[in-house]
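The block underneath contains the structure these notes are about, expressed in structure tokens.
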Amino acid sequence: MPPIPPPRPRVGQTHWARLYTLLCILLLTITAHASEPTATPLLRLEVGMLTAKINRIASDGQGRWAVTASHDKTARLWEVASGKLLGVLRPPQGEGNEGKLYAVAMSQDGRQIAVAGWTGEDTIYLYQHNPQQHSLRLARRLSGLPNVVNHLAFSADGRWLAAGLGGNHGVRVFDAASGQLTGQNTSYGDRCHSVAFRPVKGNQPLELLTSSYDGLLRLHPVDAQGRLGAPRVQRAPGGGQQPFAARFSPDGQRIAVGFADSTVVQVLDAHDLRELFRPERQGVDSGGLSSVAWSADGRSLVAAGRGDVQGQYTMRRWAAQDGHRLTDTPLAADTVMDLAPLPQGGWLFAAQNPTLGVLDAQGTVQGRQDAQQADLRGQHDQLRLSADGQQLRFGFAKWGKQPYVFDISRRQLLLRPAAANEPSLYAARTHAGALKVENWEDNTQPRLNGQPIQLKPYELARSLAIDANGQGFVLGTSWSLRGYQRDGKRQWQKPVPGVAWAVNQSQDGRWVVAGYGDGTIRWHRREDGQEVLALFAHRDGKRWVLWTPEGFYAASEGGEELFGYHLNRGKDQDGEFVSAGQLSELFHRPALISQRLSPEGDALMAEAVKQLGTVDEVLAHARSLPPILTVEAPSGQRVEGDSEIEVTVRLQNRGGGIGPVKLFVDGQEVSGRQAAATEGITSQRTYALRLSPGEHQVAFQATSLRGVAGPLSAPLHARVRQVGVKTLHILAIGVQNYPADSGQSKLNYSVLDAKAVAKVLARRAKPVFSHVAEPVVLTEQNASLAGINQAFAQLKTRMQPQDTLVIFLAGHGQVHVDSYRFLPWDYRPGSAGLSETRLFEMLKESPQHTLLLIDTCDAGSMVEMAGAYERMSRERQRPVIGASRKGEFAREGYQKHGVFTAALLNVLARPQREQLTVMELYPQTKRRVEEFSKKLPGNYLQTVQGYVANGEFPLVWR
């Protein structure tokens, strides 16, 4: 905002005025340089819903849209009728409280949105909303306020914006179009929590109503230039000591006020603030009815807050003429923070847990959005751990209800019966003989053996876990996680992403596990409190994501979109969210995550960071932002061709450079021929795509030079008319007699495996395909890296988009930092072999119906191999079925084949009456492997992993 001009100096004051002006300019210059937001990427959850306390909700004059402000540091625009999320506002933010949004307002026409809170320089951010496209643009910021902003309100004509401030700094009024400060009043004794303009008719004077924790309501006159006068009247209404929300009735003749410290609601005369009546409050047992709102027609009054009726956070509705109770409506499992009227009748509500919703004129809930994360309150004895910290039990609902178990090593989230007895999972220890911790639950004064444990003022202890050996303890509070020695000396203290509702320790003494208010569960080292791993599980019980502070992650299907990173782009621009999915090629490392808590976890993580870097390094200063991609054809337009279509895209560099453009057909990444290109800050590229006959959806994704991907473009509908012959192609590779200098042991059956799979596939597939091409089988010396590349290059010339390809690999495989490689015959230590990168390229250049079968021995862990298979399938959306072995290679055989191949052949060769799809092939092969493995002598261990989400295409006749 422009600086407030100093008062015109009186005679003799010119020198001091000039000095004052120079100091102001100097301070503004220093502030301008010091106020840029952090360039460090900030990890954020993104579940399509708010993930922390909703402080305020507002609407436009027609009730079309709602906008919310939250502690999760976003404001969100919603369509009221459908509940659909239309957009997310991401003002600049930082660590800790920096960026929490306390206030939001929307102009009557819905074109202006103001948000503020604990923001840099205590700033108000003004956004422009395009109602047709629902685009949101940060248009202006009003900076330099002396404290946080608690409430915002536009005047009815949208000309003025009022702000209620924290501390004793009072109120401000701004010209919404220019951002100019037009009025202020600082004669307040405590923070202001509510501002509201009086509805005016004709030439009535405009007034601003405010409430403050100094106990007073004030009515300030506002003149035609937006100047704020001294209060025309101010009064302590008397219903409580902390008036919170004060609202004019629609006709501007009455005022309703609710209190943070009382269940009283008062209705006052809007002229002189004298009490008219107090609505009936019988049955409201405790708390406060802090939020109030009138109905649009003025006939009803509602209030809610911390007041509960029979244990529910409830909205009470009264008749506006006399305060007679009409209805009580349970709304949420936590404090109701705000209510806003809708012009067609009814109200919007927002709650702390977080929840938001719509009520009709009778107070009945018509639609709602509830929290999508676990509610970990009351779970200090329900958050249970295995001895090594690898398995965890928690509840999605308060008090541990809806229990699930998460297994890190297996990367599985499993529902558990509420009464399930699991003796291998331990509850937190809260008693330990001579080590006596008291007052640790919901108390500001915890004690150790009778002596106080010092917390910050107002900081509440919430959870406790005593070390298994009784030599110390960990305390979770509302603001921190703290480790202590037996004598009470603090070892460490860590900030937390939300209230530490539950805490536990592994029996081996290595890990502290805490459940937080944002729904995350995090693993910390006991010795220093350092976080090493975090879990977020979605309320649907299916999606989850597990990540490390370095940025590496594992996720269920769809889970990688649940978290990502906020990138500030300077103090004058809205931030940008980069999802984990946009970083998948670099940081999706499931095997690394599964082993993070193992004794080798630190060494494996150090190696991964050395090889790949950290997410902070990749995203720092937004230098890796992907270019903006625009498809020349409008979204929804149909593109047609006989066998090939051409599409042009434009790419605008945003500082991260312009890397490769990824092409997707029906969700699978494919390779396209670049037909033309012009390069520069804005580049244009034309791609030719060969597609199978039929209808397809084509999308594009830009990447930066560092490999950060942008969002997928809107789908382009494509239709290919030409119908071709469907052919099955087989590339089978087998190596068993590796040269002595390869460092690899000899295998027994890889060559036979490759030949047998090719033969059986070709024979059994004939009824399914118009043509089965002669299989390409490479064994021993012919299966060199050059030989494999040459054979695939020749296959490419023969394959058509409608064809199917099966690639079978038998031999040695290796996994390094979750990256797989097959060892060809000419592999030597230090060489890349048939790398994951090359396999990815081969899959991209293959038909959509491509299956990768892997039967490779590896002396490393099965967890690593399974993680690599998952990565290959997820990154390229092609089905992968593979074996993971660990044990003595001399016992690999079953019926003169590797066990996996024997099982595969058994399934393929069985007489069948219909087509067998890849999706069906996987579970049948898995069962046969388990069956055959049990028949082998000795300690033989083999598993099969299948990632076949796109495997609905047929392979053989059954």
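Search the structure for amide H atoms under 5 Å from the amide H of THR182, placed 1.01 Å from N in the peptide plane, and list their residues when 5 or more places away or on another chain.
Answer set, sorted by chain and number: VAL173, PHE174, ASP175.
Nothing charged except the Cβ atoms of Lys and Arg (+1) and of Asp and Glu (-1): what's the magnitude of the dipole of region 53-362 about its Cα centre? Round to the nearest 20 debye. Provide the component values of the computation, followed by the final result.
Values: 31 positive and 28 negative charges, 87 e Å.
Using only the charged Cβ atoms, the result is roughly 420 debye.
If R0 is 35 Å, what FRET efficiency do you get for ASP741 and GLU914 from their C-beta distance, rounded to 0.05? Walk me through the numbers on the way to the answer.
Numbers: r = 50 Å, r/R0 = 1.42.
Once rounded, the FRET efficiency stands at 0.10.
Averaged per residue, what accessible area in Å² does region 628-720 show with a 1.4 Å probe, protein chains only? Show your work: numbers first, answer last.
Working: 4230 Å² over 93 residues.
Heavy-atom SASA per residue in region 628-720 reads 45 Å².
Placing +1 on the Cβ of each Lys and Arg and -1 on the Cβ of each Asp and Glu in region 53-362, which of ALA296, SER135, GLY345 has its Cα farthest towards the positive end of the resulting dipole?
Going by the charge dipole, the pick is SER135.
Give the shape of region 234-386 as rounded, prolate or oblate, defined through the alpha-carbon gyration tensor: a ≥ b ≥ c are the square roots of its eigenvalues, a/c under 1.5 means rounded, and otherwise the shape is prolate if a/b is larger than b/c and oblate if not. Mind dumping the intermediate values first?
Numbers: a/c = 2.39, a/b = 1.68, b/c = 1.42.
Cα axes put region 234-386 in the prolate bin.
Please report the relative contact order for region 727-957, taking Cα pairs under 8 Å with a sequence separation of at least 6, and give it as a percent rounded to a whole number. Before the final figure, lay out the partial values.
Working: 500 pairs, mean separation 50.5, N = 231.
Worked out over region 727-957, it gives 22 percent.
Relative to the first principal axis of the alpha-carbon coordinates of the chain, what is the inclination of helix 14-34, with its axis defined by its Cα atoms, in degrees from 0 to 90 and to the nearest 10?
So the inclination is approximately 20 degrees.
Could the peptides 403-412, 237-246, 728-737 be put in order, highest first, of the mean number of other beta-carbon atoms found within 10 Å of their residues? Mind dumping the intermediate values first?
Working: 403-412: 17.5, 237-246: 21.4, 728-737: 24.3.
The most tightly packed comes first, giving 728-737, 237-246, 403-412.
With each pseudo-label sitting 7 Å past Cα toward Cβ, what's the VAL88-ALA156 distance in nm, one decimal?
Placing both labels 7 Å along Cα→Cβ, they lie 3.7 nm apart.
Pop the C-beta distance of VAL200 and GLN573 into the FRET formula with R0 = 35 Å and round what comes out to the nearest 0.05. Numbers along the way, then the final one.
Values: r = 36 Å, r/R0 = 1.03.
After rounding to 0.05, the efficiency reads 0.45.
When ranked by the protection proxy of mean other Cβ atoms within 10 Å per residue, highest first, what sequence do the peptides 54-60, 331-337, 671-677 form? Kindly include the intermediate steps, with their values, before the conclusion.
Values: 54-60: 24.6, 331-337: 23.0, 671-677: 14.3.
Final packing ranking: 54-60, 331-337, 671-677.
Lys and Arg at +1, Asp and Glu at -1: add these up for the other residues within a Cβ distance under 15 Å of PRO131 and post the number.
Surrounding charge for PRO131 is +1.
Among ALA156, GLY400, ALA762, whose Cα projects farthest towards the positive end of the dipole of the chain, with charges put on the beta-carbon of Lys, Arg (+1) and Asp, Glu (-1)?
Among ALA156, GLY400, ALA762, the one farthest towards the positive end of the dipole of the chain is ALA762.
Please give, to one decimal in nm, the separation of the simple spin-label points placed at LYS766 and GLN790, each 7 Å out from Cα toward the Cβ.
If labels sit at LYS766 and GLN790, their model points lie 3.1 nm apart.
How many angstrom separate the Cα center of region 380-409 from the Cα center of region 98-143?
40 Å
Can you list residues whose amide H is under 5 Å from VAL768's amide H, if they're 5+ apart or on another chain and H is modeled 1.01 Å from N?
Hits under the 5 Å cutoff: TRP957.
State the Cα centre-to-centre distance between region 701-738 and region 456-494 in whole Å.
53 Å
Among PHE700, ALA773, ILE733, flag the residue with its Cα farthest along the positive direction of the charge dipole of region 688-832, charges on Cβ as +1 for Lys/Arg and -1 for Asp/Glu.
Of the candidates, ALA773 comes out farthest on the positive side.
Rounded, prolate or oblate: which fits region 628-720, taking a ≥ b ≥ c as square roots of the Cα gyration tensor eigenvalues, rounded meaning a/c under 1.5, else prolate when a/b beats b/c? Walk me through the numbers before you get to the answer.
Working: a/c = 1.97, a/b = 1.79, b/c = 1.10.
Since a/c reaches 1.5 and a/b is larger than b/c, the shape of region 628-720 is classed as prolate.
For P(r) over Cα pairs in 10 Å bins from 0, in percent, one of [x] 2, 7, 11, 15, 18, 15, 11, 9, 6, 4, 1, 0, 0; [y] 2, 10, 17, 23, 25, 17, 6, 0; [z] 2, 10, 17, 20, 18, 15, 10, 5, 3, 1, 0 was computed from the structure I shared and the rest are decoys. Which label?
Derived directly from the coordinates: [z].
Would you calculate, for the chain, the mean residue ellipticity at 222 nm contributed by helices, counting each DSSP H stretch of 4 or more residues as -39,500 (n - 2.57) and dividing by all residues, to the nearest 500?
Working: 11 runs with 129 residues, N = 958.
The helix contribution divided over the chain gives -4000 deg cm²/dmol.
Put a dot 7 Å past each Cα toward the Cβ at LEU705 and ASN147; how far apart are the dots in nm?
4.9 nm
Give me the dipole magnitude in Debye, nearest 20, for the chain about the Cα centre, with unit charges on the beta carbon: positive for Lys and Arg, negative for Asp and Glu. Intermediate values should be presented prior to the final figure.
Details: 106 positive and 92 negative charges, 79 e Å.
So the dipole magnitude of the chain works out to roughly 380 debye.
What is the calculated FRET efficiency for LYS896 to THR797, with r their C-beta to C-beta distance and R₀ = 45 Å, to the nearest 0.05?
On the way: r = 35 Å, r/R0 = 0.78.
That gives a FRET efficiency of 0.80.
LEU165: net charge of surrounding residues, Cβ under 9 Å, Lys/Arg +1, Asp/Glu -1, itself excluded?
Working: positive: ARG172, ARG191; negative: ASP122.
Its environment carries a net charge of +1.
Does anything in region 759-793 have its amide N under 17 Å from the 7 Å Cα→Cβ label point of ARG673, and if so which residues?
Inside the label zone: 793.
How about LYS401: which aspartates and glutamates have a C-alpha closer than 16 Å to its C-alpha, ignoring those fewer than 8 places off in the same chain?
ASP375, ASP381, GLU422, ASP540
In Å², what does the accessible area per residue of region 77-174 work out to with a 1.4 Å probe?
Working: 3280 Å² over 98 residues.
Averaged over the residues of region 77-174, the accessible area is 33 Å².
Where in region 391-419 is the amide nitrogen less than 15 Å from a point lying 7 Å along the Cα-to-Cβ axis of LYS542?
Backbone N within reach: 413-415.
Straight-line reach from LYS796: which lysines have Cα under 25 Å away, leaving out those fewer than 8 places along the same chain?
Partners found: LYS662, LYS726, LYS755, LYS759, LYS766, LYS844.
Can you list the HN-Hα couplings for region 155-163, worked out from phi with the Karplus curve (6.51, -1.76, 1.60; θ = phi - 60°), rounded to whole Hz and with x for Gly and Pro?
Those phi angles translate into 6, 4, 8, x, 7, 10, 10, 9, 9 Hz.
Relative contact order of region 372-540: what whole-number percent is it, with Cα pairs under 8 angstrom and at least 6 residues apart?
Working: 461 pairs, mean separation 34.3, N = 169.
Relative contact order of region 372-540: 20 percent.
List the residues whose amide H sits under 5 Å from the amide H of ASP338, counting only those 5 or more places along or on another chain, with H placed 1.01 Å from N in the peptide plane.
HN-HN under 5 Å from ASP338: ALA350.
Considering only protein heavy atoms and a probe of 1.4 Å, how much of the accessible area of the chain is carbon and sulfur, as a whole percent?
Details: 18800 of 39060 Å².
Carbon and sulfur: 48 percent of the exposed surface of the chain.
Along each of its three principal axes, how wide is the spread of alpha-carbon positions in region 123-223, in whole angstrom units, largest first?
Projected onto its principal axes, the Cα set of region 123-223 covers 44, 35, 20 Å.
Fully extended, how many nm does the chain gain between ALA620 and GLN684 (0.36 nm per residue separation, minus their Cα-Cα distance)? Each step should come with its number before you reach the end.
Details: separation 64, 0.36 × 64 = 23.04 nm, distance 2.72 nm.
Here the segment from ALA620 to GLN684 would lengthen by 20.3 nm.
For region 630-670 and region 352-379, compute the distance between their C-alpha centroids and round to whole Å.
A separation of 40 Å, based on Cα centres.
Over region 372-540, give the accessible area per residue in Å² for a 1.4 Å probe, as an integer. Mind showing how you got there, number by number?
On the way: 7280 Å² over 169 residues.
That works out to 43 Å² for each residue.
Once you have the Cα-Cα distance between VAL309 and GLU774, take 0.36 nm times their residue separation minus that, and quote the gain in nm to one decimal.
Working: separation 465, 0.36 × 465 = 167.40 nm, distance 7.61 nm.
My answer for the length gained is 159.8 nm.
Peptides 341-349, 71-79, 607-615: what's the order by average Cβ count within 10 Å, highest mean first?
Numbers: 341-349: 20.8, 71-79: 23.1, 607-615: 16.8.
Top to bottom by mean Cβ count within 10 Å: 71-79, 341-349, 607-615.
Using only the Cα atoms of region 731-794, build the gyration tensor, take square roots of its eigenvalues as a ≥ b ≥ c, and label the shape rounded, prolate or oblate: rounded if a/c is under 1.5, else prolate if a/b is larger than b/c, else oblate.
Oblate, because a/c is 1.5 or more while a/b does not exceed b/c.
Please list, in order along region 580-590, the HN-Hα scalar couplings obtained from phi with the Karplus expression 6.51 cos²θ - 1.76 cosθ + 1.60 (θ = phi - 60°), rounded to whole Hz, x for Gly and Pro.
For region 580-590, the Karplus-derived couplings read 4, x, 6, 10, 4, 5, 8, 10, 6, 9, x Hz, x marking Gly and Pro.
How big is the dipole moment of region 286-363 about its Cα centre under a simple scheme where the beta carbon of each Lys and Arg is +1, that of each Asp and Glu is -1, and everything else is neutral? Debye, nearest 20, please. If you can, show how the numbers build up before the last one.
Values: 5 positive and 7 negative charges, 20 e Å.
For this selection, approximately 100 debye.
With θ set to phi - 60° and the Karplus curve 6.51 cos²θ - 1.76 cosθ + 1.60, what are the ³J(HN,Hα) couplings of region 74-88 in order, to the nearest whole Hz, using x for Gly and Pro?
Karplus-based 3J(HN,Hα) across region 74-88 equals 10, 10, 10, 9, 10, 8, 5, 5, 9, x, 6, 6, 9, x, 10 Hz.
Taking 0.36 nm per intervening residue step and subtracting the Cα-Cα distance, what contour gain separates ARG828 from ALA434 on full extension? Before the final figure, lay out each step's value.
Numbers: separation 394, 0.36 × 394 = 141.84 nm, distance 6.15 nm.
Gain on stretching ARG828 to ALA434: 135.7 nm.
The values are calculated or read from the model by the stated rules, or taken from the named source; none is laboratory data. Everything numeric here is computed off the predicted structure, so don't read it as measured data. Please note: Cβ atoms are built from the backbone with ideal geometry, for glycine as well, and neighbour counts cover all protein chains shown. The protein model used for the area step is the full one, side chains on, heavy atoms only, and it has no ligands, DNA or RNA in it. Shrake-Rupley method; radii C 1.70, N 1.55, O 1.52, S 1.80 Å.
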